[in-house]
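Every number here is computed from the coordinates shown, using simple stated rules; none is lab data. Because the structure is a prediction, the values reported are computed rather than measured. Neighbour counts are summed over all protein chains in view; Cβ atoms, including those assigned to glycine, are modelled from backbone coordinates with ideal geometry.
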Amino acid sequence: MSIPKEVIVAGGGIVGMNCAIELQRHGCSVTVVDPRAPGDGCSFGNAGNIVAGAVVPFSMPGNLLKVPSWVLSPYGPLSISLRHLPRLAPWLLRWLKASHPTNVRHISRAMHALHRETFDLYLPLMRELGEPDLIRRVGQLYVSRHPRGAEGHALSRALRTEAGIRFEAVSGGQIQDIAPALSKTYCSGIFFPHNGFCANPHRLVQVLAGALVSRGGRIQRDALVGVERSPSGEGTAVLKSGARQRYDGLVIAAGVWSSHLAALFGARVPLEAERGYHVTLPQSGISLNLPVTNYDLSISVTPMEMGLRITGGAEFAGLNAKPNWHLADRMLDLGAMTFPGLERSGASKWSGMRPSTSDGLPVLDRAPGERKVIFAFGNGHYGLTEAPMMAKLVKALMMDEQPSIDISPYSVSRFGRS
Ligand SMILES: Cc1cc2nc3c(=O)[nH]c(=O)nc-3n(C[C@H](O)[C@H](O)[C@H](O)COP(=O)(O)OP(=O)(O)OC[C@H]3O[C@@H](n4cnc5c(N)ncnc54)[C@H](O)[C@@H]3O)c2cc1C
């Protein structure tokens, strides 16, 4: 085992901060570099679902036929900017390729490997940090208005069964018992007893950041903009402020901004900004103990510390496009369709960009030609769920240990050469 002494983690979101804590725990002196405060990127406002049993990829057979209705329906989940479409086209083609049944099975297995241990890693960490209630393994409910609708595609059912995911089909009165405030029109449900949620995703990152600093780590408000190599092979990070910082190990965990940093090492990663939205209602009038996903409307409703959060939307408009707040307002309508008694006043709105690869799998790999520069980004819809396992694998790569799972599905070379 070789322990790099000075490690820089570029990006202080949920992925970077989990990596930082894990590397610090194993003897590294860690500096997190981020132009924003910890957790102010995509990790701020997600739905909080921790989905140990998520094994159904986003790209599934038949998706192409659904795209028109997703885009054209007034409450559809997908929006694509026409101006961005030419740049998005190659990514979309790869996304369609990922939906081939052979690829779906491969992606599903790779998802399961990253998700199945999430609570085993999070829960002891939360106890250690004195926050045992921040992550709750209380189950998750999917619902639909259509008979057996929540079960989804036959292939989805097969993937869950093959992975040994525990779930119970529920209907009518059973759904009302689990979530009494739900509209009675939701007749089909699946309950996943081994999933759960984080009661405040932003505070989770702050708790990790606080622990890092209290244990001697550093958080530096700056941005990584370049790297230099001395003839003896020593690495130096060049920061936006002009500062230069030597490192023995470097982790690129800058979420949707990571492809620019990967390019510093000659890697080409087609990463799309997939914008999502939330509204959080401090006094929603809805009593709910577990997260509910409305399968028909593609929204999540989660009981957070700050109130009820309704989350959804997948908008492809490019990294620099401004949020379309109309899509956040839509969350209120969709929430009220799901929970008829919803009290809308005092809603706070947010939008953030998922770092999305076309196959839905993250990049977890060494940078080309580097042993101690690790890419850890591209977690799309599951960054909160995947972060602790990403950290465990980053630590293994950084220490030259054998990773506990096969990491070849997350390789950077799967996108081809630059
Ligand atoms: C609406 C919505 C709902 C979601 N729901 C869920 C869910 O229920 N469950 C789940 O598991 N996941 C969910 N996700 C996905 C999850 O939130 C993301 O995958 C995750 O937050 C990504 O974390 P990250 O640390 O990679 O990125 P971020 O949180 O975006 O952090 C990246 C950081 O890198 C910093 N950075 C940028 N450039 C540089 C640079 N040059 N140098 C240094 N730092 C830099 C940024 O400032 C930022 O702080 C959801 C996402 C959205 C949008």
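Quick one: putting +1 on the C-beta of Lys and Arg, -1 on the C-beta of Asp and Glu, what dipole do you get for segment 140-193 around its Cα centre, in Debye to the nearest 20? Please report the intermediate quantities before stating the final value.
Numbers: 6 positive and 4 negative charges, 24 e Å.
That gives a dipole near 120 debye.
With contacts taken as Cα pairs under 8 Å and at least 6 residues apart, segment 140-193 reaches a relative contact order of 56 percent. Simple rule: put +1 on each Lys or Arg Cβ and -1 on each Asp or Glu Cβ in the chain, find the dipole, and look at Val238, Gly12, Ser183; the Cα lying farthest toward the positive end is Val238.
Could you please state, rounded to a whole Å, how far the C-alpha centre of segment 154-168 is from the C-alpha centre of segment 120-143? Their Cα centres are 23 Å away from one another.
Seen from every direction in turn and averaged, the convex hull around the alpha carbons of segment 98-236 projects onto 13.9 nm².
Could you compute the net charge surrounding Val205? Neighbours are other residues with a C-beta less than 11 Å from the C-beta of Val205; K and R count +1, D and E count -1. Write down the numbers at each step before the final one.
Values: positive: Arg36, Arg203; negative: Asp34, Asp40.
Taking every Cβ under 11 Å from that of Val205, the sum is 0.
Using a simple charge model, +1 on the beta-carbon of Lys and Arg, -1 on the beta-carbon of Asp and Glu, nothing else, what dipole does the chain show about its Cα centre, in debye to the nearest 20? Dipole about the Cα centre, nearest 20: 640 debye. Simple spin-label estimate for Glu117 and Ala37 gives 3.3 nm between the two label positions (7 Å along the Cα-to-Cβ direction from each Cα). Note on Arg148 and Tyr75: their simple-model spin labels are 2.4 nm apart, each label 7 Å out from Cα toward Cβ. Rg and Dmax, both from the Cα atoms of segment 140-193 and both in Å, are 11.1, 33. Neighbours of Ile286 by Cβ distance under 14 Å: Lys/Arg scored +1, Asp/Glu scored -1, total +1. Charge dipole of segment 166-310 (Cα centre as origin; +1 on each Lys and Arg Cβ, -1 on each Asp and Glu Cβ, all else neutral): 460 debye, rounded to the nearest 20. In the structure shown, do any of Lys372/Lys392; Lys66/Lys97; Lys5/Lys392; Lys97/Lys322; Lys372/Lys395; Lys240/Lys395 have a Cα-Cα gap over 22 Å, and if so which? Correct reply: Lys97/Lys322; Lys240/Lys395.
In this label model, Gln220 and Leu129 are separated by 2.2 nm, measuring between points 7 Å along each Cα→Cβ vector.
Report the FRET efficiency, 1/(1 + (r/R0)^6), for Arg166 and Arg105, where r is their Cβ-Cβ distance and R0 is 25 Å, rounded to 0.05. Calculated value: 0.80.
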